[in-house]
Every structure is written in structure tokens, then in C-alpha cells.
1. So what is the relative contact order for the chain, in percent, with contacts set as C-alpha pairs under 8 Å and at least six apart?
2. Just to be sure I understand, if you calculate log10 I(q)/I(0) by the Debye sum over Cα atoms at q = 0.09 Å⁻¹ for this structure, which of (i) -0.26; (ii) -0.42; (iii) -0.38 do you get?
3. Mind checking the per residue accessible area of segment 64-120 for me, 1.4 Å probe, whole number of Å²?
4. Keeping all protein chains in the complex and leaving out DNA, RNA and ligands, what accessible area do you get for ARG157 with a 1.4 Å probe, in Å² to the nearest 10?
5. Which of THR114, THR94, THR82 moves most in a GNM of the chain, Cα contacts under 10 Å?
6. Taking all protein chains as present, what is the carbon and sulfur share of the accessible area of the chain, in % to the nearest whole number, probe 1.4 Å?
7. Looking at the chain, how many pairs of lysines come closer than 13 Å at the Cα, when each pair is eight or more places apart or spans two chains?
8. Consider a paramagnetic label point 7 Å from the Cα of SER173 along Cα→Cβ; state which residues of segment 37-56 have an amide N under 19 Å from it.
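The values are calculated or read from the model by the stated rules, or taken from the named source; none is laboratory data. Not measured: the values here are computed from a predicted model. No Cβ is skipped: glycine too gets one built from the backbone with ideal geometry, and neighbour counts run over all protein chains shown. Heavy atoms of the whole protein, side chains included, go into the accessibility calculation; ligands, DNA and RNA do not. Shrake-Rupley method; radii C 1.70, N 1.55, O 1.52, S 1.80 Å.
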Amino acid sequence: MLSAVPVSVLAQPAEPDTVILSDTLDYDDIKRQSIFNGNVILTRGNLNLHADRVTVNEQADGSQHAIATVQQSPRVLVRQETPEKYEIIKGQSTRAEYHSASEQLTLIGQAVLTRSICGKVIDSIQGERIIYNKKTDTYQAIGGHSSANQRVRSVARPRAQIDRAIAECKQKSQ
């Protein structure tokens, strides 16, 4: 019976569910909007997000756009794992936006993004706005106003260190 299904359909990974825990939920079916308040924990595949409030808008194509903010907590916290690359991306900011279709995360306001491989920090970026795209494995940082303390700050390790960290993790996992 499976022979009637094209191989390309079987090979495509299913879009992960979005699971959200919160103190309250306000849902509007007409607007296709959900507002989660109080100790919000959003999980989508290997992405975890913690905030005081998350507003999720469903787009016409079925994708989701989430906006996370804080009122009582000091920062929105984000963690994205990529186990096959032994990689963990951690971010924090005063606001975060996530687009499920593009897998793009934008950290806004005192944004910090760190990338670790096998527990070793490889990249560390600070700026007013950081845009991380999971699909293209790229990020962009934007400073704030022209004053010196609002500039982008980036610390990156040489590619040889990244390759060495990945090789060490592979060896440990065998």
C-alpha cells in the first residue's frame, strides 16, 4: 500500500507541533490569534522559548508568527538544539519574534546570542537586534544608536576550533 505514495513525500520531515504552557490562554478563532500569559514555555521541535507573554498569529499559509515579550522576567530566553551538529544556540533579549515558515528568530532589545558546539562556546554576539535563520544557518546583528556602547560585539572562534570540537564530540559518542 505504501508503494502508491511517492518517496519524496515519505522523505519529508513532518512540521513539528508547537506546544505552549502558560498560566492563561486567550484564543480568537476569527483573528487566528492566541495570547499566552504567565510563565510561558513554547516548544517547537528542538526550539524552546521562555517569556512572560507570547502572542501567536496563524498566517494564511498555516505558518505561525510568534511574538514573545517580558514584563516581570528580565529577558526572553531561547534555546535551539541541532543534535546532528552537536550545536546549541542560546539567545536572550527583551523581545523575540519567530516565523515558523522561514525558521527565522529575531532577538530585539539588548540581544545576546551564543553558539556552542559540544559544550564549547564558538560564537558570541551582542547587539540591539540579532536575526538568526535556522534554514540558512546564518545570523545578522544590528547595533543600536551611534554611541559606542550600542555597537555590535562579536567573538568568533577559528573554523579549525569548530571542526576540532565536532570531531571530539563524534569520537565521544561512538
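1. RCO, the chain: 11 percent.
2. (iii)
3. Counting only protein heavy atoms, the per-residue value for segment 64-120 is 45 Å².
4. The accessible area comes out at roughly 90 Å².
5. THR82
6. The C+S portion of the solvent-accessible surface of the chain is 50 percent.
7. Working: LYS85/LYS120; LYS85/LYS134; LYS85/LYS170; LYS90/LYS120; LYS90/LYS134.
Lysine pairs, 8 or more places apart or on different chains, close enough: 5.
8. 45-48
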